[in-house]
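The values are calculated or read from the model by the stated rules, or taken from the named source; none is laboratory data. Since this is a predicted model, take the numbers as computed values, not measurements. Please note: Cβ atoms are built from the backbone with ideal geometry, for glycine as well, and neighbour counts cover all protein chains shown.
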Amino acid sequence: MEQSFGNCPKYIQARAGAFTPPTGVTAPSAERTLLSVEARRVLEGTDTAFIATSSTEPEQGGAQGLDVSHRGGRPGFLRARSEGDTTVVTMPDYSGNFLFNTFGNLELNPRAGLLALDFDSGDVLSLTGLARVLWDSPEVATFKGAERLVEYRVERGVLWRGVASGWSRPELSPHLRDK
């Protein structure tokens, strides 16, 4: 890693964690473009997600590298819908640090990863697909407090059951009270 900077912590839920080694973990389920009921449960119930993007030339590093950014909200802040045989995830973007690293990358390279966690069950959903920023969609108004949206089309995924357990109940960010 050559660069690191703090992202806006406004929408991070505070949790205490103690690593609990998983027991009896079964092989992950492979998810395709249309997510299973279990995968959608993780996605639509999470309050914490991470989106990974890259520039057009990530091998150059520095400003041309990779970016992983936190996204948070009340459970249900990620919405999934089916379009034919594909799951489309809509994620609100709230006022943050205004650096737009993720969005700058997406304007140049729509390939992205999305990770959603269920802190109660320890389930982790990892997705790859194509994303785009909806800068002024009328749908923004359906997400209270959102300034723009990210639309994510799932291509592949893996659902890991019970691999990230040992977390306390969240202390919701005070910035989410009105969202």
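Per-residue answers, yes or no, for (1) at pLDDT 95 or above; (2) hydrophobic (A, V, I, L, M, F, W, C):
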| residue | (1), (2) |
| --- | --- |
| 68 | no, yes |
| 75 | no, no |
| 104 | no, no |
| 112 | yes, yes |
| 127 | yes, yes |
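When the residues of the stretch 27-57 are filtered to those that are in a helix (DSSP H, G or I) and touching a residue at least 40 places away in the same chain (Cβ under 8 Å), the one that is nearest to residue 176 (Cα to Cα) is 45.
Collect the residues in the stretch 131-148 that are of a type in the set (D, E, K, R) and under 13 Å from residue 91 (Cβ atoms), keeping them in residue-number order.
If we filter the stretch 131-148 for residues that are of a type in the set (D, E, K, R), which is where we start, we get 132, 136, 139, 144, 147-148.
Within the stretch 131-148, 132, 139, 147, 148 meet the criteria.
State which residue is surrounded by the most Cβ atoms within 10 Å (Cβ to Cβ) when the search covers only the stretch 2-48 and only residues that are of a type in the set (Ser, Thr, Tyr) and modelled with pLDDT under 90. Per the criteria, the residue is 11. For the stretch 127-150, filtering for residues that are under 15 Å from the mean Cα position of the chain (by Cα), surrounded by fewer than 18 Cβ atoms within 10 Å (Cβ to Cβ) and within 18 Å of residue 44 (Cα to Cα) leaves 1. The single condition among (1) small (Gly, Ala, Ser); (2) out of contact with any Pro (no Cβ under 6 Å at 6 or more places or on another chain); (3) outside any strand (DSSP E or B) that residue 146 does not satisfy is (2).
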